[in-house]
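One structure below.
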């Protein structure tokens, strides 16, 4: 085996040009596959982040039936023991209490509908980073009596920081929810739906508005490990019983899950086409090397080298060259992916409009995750090794005299 390894190493560097062509073909394939898959998965991660960070959290706790009928009448009493139990569940990192009610928001001349969300300003900022979204004015203080409006709604109402708006809706158990609130700040979200249909005030103000004192409609949760989301949700369902419902973001946003699944399937088809092109490119390189070395193979067989040894020599050469190519390709892709992870591609034109229409930010961040590098490198490595079967099969039927004469 030592002699065989020595032959393999010498053969690889005996013809550096040929070896470099083989390695380069694998490097190019790995970089291309990695960038494609990283961009695709990065877009999905960004879409999920938009939903989780700006809207739902990873999961939400409601009173039973609230998701089907999002009325303040289906709120629940928010006792300290309940909040402590949920916050203390393994895997739950942050919780944010909310009291949500749909209402009309009126400026001087125009009125528009919006979901008014009563929040704990500090807890909400920890969960969604809402304070960072304030572009004008200031964020809500704990005892604030004002309101935050998104940029789209404020523009529609021709309202700005310091103006007052009237909020009118239905409160708890048929009460009229009506109040006048000063606009404390303007927040801006990356999607039109969020920019046009939300309003934020403190929990105290929302409870005064609706009469739902001591109650919540939603407890939004963040978790430490997304892969454990279903287990955490099931644990909470068991602890809370039938009086509550625990929904994950996937259950609350099924259209997003369906979009990702459909787009991922089409992306995999495109990736398979890329793999096929890569396979033909590597196979072409292998064919070229095999034809160049036909005379060499004939001589080796003629002087007594066993065909099995020759086959193993070629397989080991392919393994070494493919491995070098996969490693170098992965290392070459790291700075490219890292750059576009930190500085996402900005969409423009119709592509940006279509992306925004679906409720996503018009950017294409690359996903920087070790699993992508391992998976794509292994796939390209497998393709390269499969291509090496051609010279192995050729050797099995090679006539040394003919090979030496024609080679």
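The values are calculated or read from the model by the stated rules, or taken from the named source; none is laboratory data. These figures come from a predicted structure and were not determined experimentally. Neighbour counts are summed over all protein chains in view; Cβ atoms, including those assigned to glycine, are modelled from backbone coordinates with ideal geometry.
Going by the conditions given, is residue 185 buried (at least 21 other Cβ atoms within 10 Å of the Cβ), within 30 Å of residue 146 (Cα to Cα) and more than 29 Å from the chain's Cα centre (by Cα)?
Judged against the criteria, residue 185 is a match.
If you go through the stretch 43-58 one residue at a time, how many are touching a strand residue (DSSP E or B) at 6+ places or on another chain (Cβ under 7 Å) and at pLDDT 80 or above?
4
Does residue 90 count as at pLDDT below 95, under 33 Å from the mean Cα position of the chain (by Cα) and surrounded by 14 or more Cβ atoms within 10 Å (Cβ to Cβ)?
On the way: at pLDDT below 95: yes; under 33 Å from the mean Cα position of the chain (by Cα): yes; surrounded by 14 or more Cβ atoms within 10 Å (Cβ to Cβ): no.
Answer is no for this residue.
Would you mind stating whether residue 74 is out of contact with any helix residue (DSSP H, G or I) (no Cβ under 9 Å at 6 or more places or on another chain) and in contact (Cβ under 8 Å) with a residue 12 or more places away in the chain?
Yes: the conditions hold for residue 74.
Looking only at strands (runs of 3 or more DSSP E) that fall completely inside the stretch 112-213, which ones have 3 or more residues that are in contact with a strand residue (DSSP E or B) (Cβ under 9 Å, 6 or more places away or on another chain) and within 30 Å of residue 47 (Cβ to Cβ)?
Result: 134-137, 147-150, 176-187, 198-202.
Does the stretch 360-370 contain at least one residue that is in contact with a helix residue (DSSP H, G or I) (Cβ under 6 Å, 6 or more places away or on another chain), modelled with pLDDT of 75 or more, assigned by TED's automatic domain parsing to the domain that holds residue 286 and over 29 Å from residue 196 (Cα atoms)?
Yes, the stretch 360-370 contains a residue that is in contact with a helix residue (DSSP H, G or I) (Cβ under 6 Å, 6 or more places away or on another chain), modelled with pLDDT of 75 or more, assigned by TED's automatic domain parsing to the domain that holds residue 286 and over 29 Å from residue 196 (Cα atoms).
Could you go through the stretch 30-48 and let me know if any residue there is more than 30 Å from residue 370 (Cα to Cα) and surrounded by fewer than 18 Cβ atoms within 10 Å (Cβ to Cβ).
Looking through the stretch 30-48, none of the residues is more than 30 Å from residue 370 (Cα to Cα) and surrounded by fewer than 18 Cβ atoms within 10 Å (Cβ to Cβ).
Being part of a loop (DSSP other than H, G, I, E, B) and either under 23 Å from residue 22 (Cα atoms) or out of contact with any strand residue (DSSP E or B) (no Cβ under 8 Å at 6 or more places or on another chain) (or both) is the filter here, so list the residues in the stretch 302-346 that pass it. If you could, list the steps in order and put the result at the bottom.
Within the stretch 302-346, the subset part of a loop (DSSP other than H, G, I, E, B) is 303-306, 343-344.
Across the stretch 302-346, the qualifying residues are 303, 304, 305, 306, 343.
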